[in-house]
1. Enumerate the strands (runs of 3 or more DSSP E) found wholly within region 1-100, keeping only those where 1 or more residues are in contact with a Pro (Cβ under 6 Å, 6 or more places away or on another chain).
2. Determine which single condition residue 357 fails, assuming it passes every other condition in (1) surrounded by 15 or more Cβ atoms within 10 Å (Cβ to Cβ); (2) in the same structural domain as residue 59 (by TED's automatic domain parsing).
3. Among residues belonging to region 150-164 that are in a loop (DSSP other than H, G, I, E, B) and within 19 Å of the chain's Cα centre (by Cα), point out the one that is modelled with the lowest pLDDT.
4. Would you mind stating whether residue 362 is assigned by TED's automatic domain parsing to the domain that holds residue 48, basic (Lys, Arg) and outside any strand (DSSP E or B)?
5. Can you list the strands (runs of 3 or more DSSP E) found entirely within region 185-304 that contain at least 2 residues being more than 30 Å from residue 327 (Cβ to Cβ) and in the same structural domain as residue 16 (by TED's automatic domain parsing)?
6. Look through region 203-222, keep the residues that are touching a residue at least 24 places away in the same chain (Cβ under 8 Å) and acidic (Asp, Glu), and return whichever of them is farthest from residue 239 (Cα to Cα).
7. Got at least one residue in region 242-256 being acidic (Asp, Glu), surrounded by fewer than 17 Cβ atoms within 10 Å (Cβ to Cβ) and over 30 Å from residue 139 (Cβ atoms)?
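The values are calculated or read from the model by the stated rules, or taken from the named source; none is laboratory data. These numbers come from a predicted model, not from an experiment. As a convention, Cβ positions derive from the backbone with ideal geometry for all residues, glycine included, and neighbour counts pool all protein chains shown.
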Amino acid sequence: MDREAQGLPPSALRGVKVVEMGQLIAGPFAAKTLAEFGAEVIKIEPPGSGDPLRGWRLVKDGTSVWWQVQSRNKRSIALDLRSAEGQDIARRLIARADVLVENFRPGTLEGWGLGYEALAKTNPGLVMLRISGYGQTGPYRDLPGFGAIGEAMGGLRHLTGEPGRVPVRCGVSIGDTLAALHGTIGVLMALYHRKVNGGRGQVIDVALHEAVFNVMESLVPEYSAFGAVREPGGSALPGIAPSNAYRCGDGAVVLIAGNGDSIFKRLMSAIGRDDLGRDPALADNAGRVKRVAELDAAIGAWTAARPSAQALAALAEAKVPAGRVYTAKDIVEDPHYRARDMVLKQTTREGFEVEVPGIVPKLTGTPGRLHSAAPRLGEDTDAVLGELGFSAPDIAALRGRKVVA
């Protein structure tokens, strides 16, 4: 039964068929996003082991709870892509698909006879998203690349941490996720071009380091124009003042962004420092940057003298952007997250209930939704092969030869 028949709004990507190859984070995150908005995603996994993410980090009842998020709304087929028969089945799947998502090292699919030129002969409308460490071209294309390396090469790691200390990571695989989101945008543009402009399919080539580099703001222009190499600023935002993290009397840390000219005046009034708010030398950002240490000291003294709830209430009253640093516990207990359906309950295939992140972005007419839990390995192998015309004896023979599981 389709969504309209159930009284639900239609899916934005209804009818779009996606084959997902690859594993772990970047490619699967892109496919997850497409699936949340109605695309039918068939995930190909190696028989026996499956996607390694199934066992990453904290595991419950034999399966990673991360997997429950990354692979929701997908179907799983366990298929040996290293075998000639497995490659032939993959070709038949892809011939019916709108999108192929893969994040193998460049050249891997070509070695299996599954490169874009070969696939486009039978499916000229195919949109192929290729996510790799360094892209499909260039002198580094054959090097192995993970998100952490992309963050380093893209310029992010150098800016993350305290001045003079070894750079730190942000705590999540942000390089992979940025690449996935850029890839998702590319897929949507390619599908639009194919439908509206009568175009053919095409390849979307996303390099991990380029996705990171694309969000590095003024990093290169500042170097080009001034020879300035931007350095890490700890919890502050160098060149923008005041914008920093401040500890309150109860030990909690709050972020306060008082860097707009009018916001700065309201902030100074809220902390009882109208003298600074009226100082003409601090009327714009350039002047405030010169005296950032003085401003941080004044704000820090104010926050240290009161609990975080009192400080945040005063700042909200003054319409100053501020917020407490959230932990996972803070997120799941926050009423705003709940009000916007950003923490959802999901019953897994293993039968336990787990809370998972909601869906972003929010579309009013064709919202995304969680319609099925992450699949067990090969859960849909028989059904998918049946859709391709394989009989039950055919499937049993393939399973006996370990082509599928």
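1. Those strands (runs of 3 or more DSSP E) span 74-78.
2. (1)
3. Pass one, region 150-164, residues in a loop (DSSP other than H, G, I, E, B): 154-155, 160-164.
Restricting the remaining residues to those that are within 19 Å of the chain's Cα centre (by Cα) gives 154-155, 160.
Values: 154: 97, 155: 96, 160: 93.
By that ranking, first place goes to 160.
4. Details: assigned by TED's automatic domain parsing to the domain that holds residue 48: yes; basic (Lys, Arg): yes; outside any strand (DSSP E or B): yes.
In short, yes.
5. 202-207
6. Checked region 203-222; the qualifying residue farthest from residue 239 (Cα to Cα) is 205.
7. Within region 242-256, the first condition is being acidic (Asp, Glu), and the residues that meet it are 250.
Filter once more, so that each one left must be surrounded by fewer than 17 Cβ atoms within 10 Å (Cβ to Cβ): 250.
Adding the requirement that they be over 30 Å from residue 139 (Cβ atoms) leaves 250.
Scanning region 242-256, I find at least one residue that is acidic (Asp, Glu), surrounded by fewer than 17 Cβ atoms within 10 Å (Cβ to Cβ) and over 30 Å from residue 139 (Cβ atoms), so the answer is yes.
Residues are listed down the side, and each one gets a yes or a no for (1) surrounded by 19 or more Cβ atoms within 10 Å (Cβ to Cβ); (2) under 23 Å from residue 12 (Cβ atoms):
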| position | (1), (2) |
| --- | --- |
| 32 | yes, yes |
| 63 | yes, no |
| 83 | no, no |
| 94 | yes, yes |
